[in-house]
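Engineer: Just dropping this structure here.
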Amino acid sequence: MFPVSAHERIVGIEDAAYVLPGEPHTLDEWLSARKANDALSERLRADGYRYYYHADGLTAADLARQAVRVLLDRGALEPASVGLVLYTHVLPASIPAPPESLPARLAVEFGFRGAACFTVSQLHCSSLIACLTIVRDMMASNPGIENALIVSSDVVLSPELTHRNQRNVVSDAGAVMWLRRNARRNFIGPIELQSLTEFHDGYNISDAMNNKFNQLVQLSTVRVLQRTLERCSLPKEKITRFVPPNFSSRAWPVIVRVLGREPGFVFDENIAPKAHALCSDVAINLVDGGFLDPGPGTGVVVHTRGRSGAYGAFTLQSRELQ
Amino acid sequence: MDTLNTPDKDAATLTMLSKEVARILNVTKVEVDTGLGELGIDSLNVVELILLCEQVYRNPVNPEALAIDQYTTLRELDRQMIAAALPSA
């Protein structure tokens with residue numbers, strides 16, 4: 001068991017914001033646009049999806065920009081104090097072609113003058129967890145960085161780009177998390193990140209590999225959660241909610257059972273109304289669940305998993321214990 | 001469990017495995033020669049089966065070394081687990 005070091009406690013999530021564009025579309029629209037067969041339709045309904053969001057011509061950059069605007073309009077963050085901007089995404093069309101830099105462009109547009117700006121990707125939805133690690137390590141090594149932004153955005157350009165093996169309903173979304181040294185309400189506890197690299201081809205794998213993925217996916221989730229909770233400074237019962245991605249409502253009760261917790265431990269309320277917004281799920285769920293403000297002496301454990309085999313988790317804990 | 005490579009022990013682990021699988025599936029009995037898919041084990045709850053194997057066979061499971069699909073039977077899984085527990089030559 002590894003104690004949480006002071007280094008691990010220095011960063012918290014001060015605030016977060018997100019945008020889901022336009023009005024929600026129904027699952028039936030999603031199924032119709034993709035000419036989904038009965039088996040897939042039945043499966044997605046069983047997985048809890050009911051609505052999703054579509055950007056309808058807006059780009060990922062547009063959604064990222066909108067999310068940052070929502071955060072800054074609250075007036076708590078001075079743009080010039082942002083020392084680090086990380087952009088993260090899953091889909092290839094959610095990032096401008098090099099050498100253009102979307103995070104640097106956001107820095108110019110919003111006045112994050114002099115901020116280090118770069119992109120983290122290729123871990124799919126778990127790229128967000130990698131961002132947390134990078135922010136914390138950079139803050140630890142550079143006392144000049146007080147505030148950092150993790151901006152996430154993705155847009156599904158066309159139903160035709162839905163892979164035939166895809167089993168998730170994806171929503172277009174943009175989100176931003178403001179990470180702050182010694183944030184007021186919470187701190188990020190242990191962070192775990194693991195990659196099963198043999199699944200680097202994502203959906204483009206053989207039936208045998210797909211079977212192996214299915215064999216390992218839930219176990220990998222359990223393992224990464226167990227390691228995170230073992231390193232957490234809070235007793236197990238003080239971790240009050242499990243915050244997974246917004247997909248597969250049938251998967252999480254099994255995880256909760258294996259962890260020895262009650263069914264209400266899982267936060268799955270956003271699967272039906274919002275679907276899976278890839279890297280932005282974390283910000284969306286932390287905001288909607290009120291988890292940026294954990295109750296005194298408590299915390300939540302957040303989980304991400306990616307089809308390319310990346311699994312991550314972290315705890316977000318009440319600041320009072322420090 | 002000191003050794004796992006005798007017929008009696010093999011039968012004992014298979015019996016124990018089937019009882020525990022019946023418990024997690026909330027049924028009275030499971031057939032050891034029926035495929036996992038037919039028993040009701042799928043990609044969502046196979047994690048419970050793997051963790052169960054760790055308890056029954058008392059050795060850490062390398063799940064990547066297992067070959068499990070919907071047609072794998074408990075008897076076959078028992079054979080795999082015992083083989084995995086044997087000391088290498």
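The values are calculated or read from the model by the stated rules, or taken from the named source; none is laboratory data. The structure displayed is predicted, hence computed values, not measured ones. In this analysis, Cβ positions are derived from the backbone assuming ideal geometry, glycine residues included, and neighbour counts consider all displayed protein chains.
Engineer: Going by what's in this entry, would A:F242 be described as in a loop (DSSP other than H, G, I, E, B) and either modelled with pLDDT of 95 or more or surrounded by 24 or more Cβ atoms within 10 Å (Cβ to Cβ) (or both)?
Structural biologist: No.
Engineer: Between A:E230, A:E269, which is in a loop (DSSP other than H, G, I, E, B) and either at pLDDT below 95 or under 17 Å from A:V301 (Cα atoms) (or both)?
Structural biologist: A:E269
Engineer: Restricting to the range A:147-194, and then to whatever is of a type in the set (S, T, Y) and modelled with pLDDT of 95 or more, can you tell me which residue is surrounded by the most Cβ atoms within 10 Å (Cβ to Cβ)?
Structural biologist: So, considering only residues that are of a type in the set (S, T, Y) and modelled with pLDDT of 95 or more, the one surrounded by the most Cβ atoms within 10 Å (Cβ to Cβ) is A:S153.
Engineer: Mind telling me which of the residues A:A104, A:A67 ends up being of a type in the set (A, V, I, L, M) and under 25 Å from A:L286 (Cβ atoms)?
Structural biologist: Sole residue among the options that is of a type in the set (A, V, I, L, M) and under 25 Å from A:L286 (Cβ atoms): A:A67.
Engineer: For A:T221, which of the numbered conditions (1) within 14 Å of another protein chain (Cβ to nearest Cβ); (2) in a helix (DSSP H, G or I); (3) surrounded by fewer than 22 Cβ atoms within 10 Å (Cβ to Cβ); (4) within 21 Å of the chain's Cα centre (by Cα) fails to hold?
Structural biologist: Every condition holds for A:T221 apart from (3).
Engineer: Being hydrophobic (A, V, I, L, M, F, W, C), buried (at least 16 other Cβ atoms within 10 Å of the Cβ), more than 14 Å from chain A (Cβ to nearest Cβ) and over 23 Å from A:W252 (Cβ atoms): is that true of B:V21 here?
Structural biologist: Taking the combined requirement at face value, the residue does not satisfy it.
Engineer: Here's something else I'd like to know. Just checking, how many residues over the range B:28-66 are touching a strand residue (DSSP E or B) at 6+ places or on another chain (Cβ under 8 Å) and either β-branched (V, I, T) or within 11 Å of chain A (Cβ to nearest Cβ) (or both)?
Structural biologist: Total satisfying the criteria: 3.
Engineer: May I ask you to list the residues in the range A:31-59 that are under 18 Å from A:I284 (Cβ atoms) and touching a Pro at 6+ places or on another chain (Cβ under 9 Å)?
Structural biologist: Listed by number, the residues that qualify are A:R50, A:Y51, A:Y52, A:Y53, A:H54, A:A55, A:L58.
Engineer: Looking only at residues that are within 14 Å of another protein chain (Cβ to nearest Cβ) and out of contact with any Phe, Trp or Tyr (no Cβ under 6 Å at 6 or more places or on another chain) in the range A:224-247, which one is farthest from A:G306 (Cα to Cα)?
Structural biologist: Taking the candidates together, the pick is A:Q226.
Engineer: Now for a separate question. Scan the range A:114-146 for residues that are surrounded by fewer than 14 Cβ atoms within 10 Å (Cβ to Cβ) and either farther than 18 Å from A:L179 by Cβ or acidic (D, E) (or both) and jot them down.
Structural biologist: Answer for the range A:114-146, where residues must be surrounded by fewer than 14 Cβ atoms within 10 Å (Cβ to Cβ) and either farther than 18 Å from A:L179 by Cβ or acidic (D, E) (or both): just A:D137.
Engineer: Which condition does A:R250 not pass, out of (1) more than 28 Å from A:V156 (Cβ to Cβ); (2) surrounded by fewer than 17 Cβ atoms within 10 Å (Cβ to Cβ); (3) within 14 Å of chain B (Cβ to nearest Cβ), if it passes all the others?
Structural biologist: So A:R250 meets the others, but not (1).
Engineer: Does A:I191 meet the test of being more than 14 Å from chain B (Cβ to nearest Cβ) and within 21 Å of A:S280 (Cβ to Cβ)?
Structural biologist: Yes; evaluated as a whole, the condition is true for this residue.
Engineer: Here's a check for you: in the range A:90-102, which residue that is assigned to a helix (DSSP H, G or I) and touching a helix residue (DSSP H, G or I) at 6+ places or on another chain (Cβ under 9 Å) is nearest to A:S153 (Cα to Cα)?
Structural biologist: Among those that are assigned to a helix (DSSP H, G or I) and touching a helix residue (DSSP H, G or I) at 6+ places or on another chain (Cβ under 9 Å), it is A:S94.
Engineer: Tally the residues that are in contact (Cβ under 8 Å) with a residue 60 or more places away in the chain, within 22 Å of A:I134 (Cβ to Cβ) and either among the hydrophobic types (A, V, I, L, M, F, W, C) or touching a helix residue (DSSP H, G or I) at 6+ places or on another chain (Cβ under 7 Å) (or both), restricting the search to the range A:66-89.
Structural biologist: 11
Engineer: Now, a different point. Would you please name the residue that is farthest from the other protein chains (Cβ to nearest Cβ), looking only at residues in the range A:253-262 that are out of contact with any Phe, Trp or Tyr (no Cβ under 9 Å at 6 or more places or on another chain) and not β-branched (V, I, T)?
Structural biologist: It comes out as A:E262.
Engineer: Also, I was wondering about something else. Can you tell me which of A:L292, A:L278 is buried (at least 24 other Cβ atoms within 10 Å of the Cβ) and away from chain B (no Cβ under 14 Å)?
Structural biologist: Answer to the selection: A:L278.
Engineer: While we're looking at this one, here's another question. Taking the conditions exactly as written (touching a helix residue (DSSP H, G or I) at 6+ places or on another chain (Cβ under 8 Å), assigned to a strand (DSSP E or B), among the basic types (K, R) and touching a residue at least 24 places away in the same chain (Cβ under 8 Å)), does A:R180 satisfy them or not?
Structural biologist: So A:R180 does not fit the description; no.
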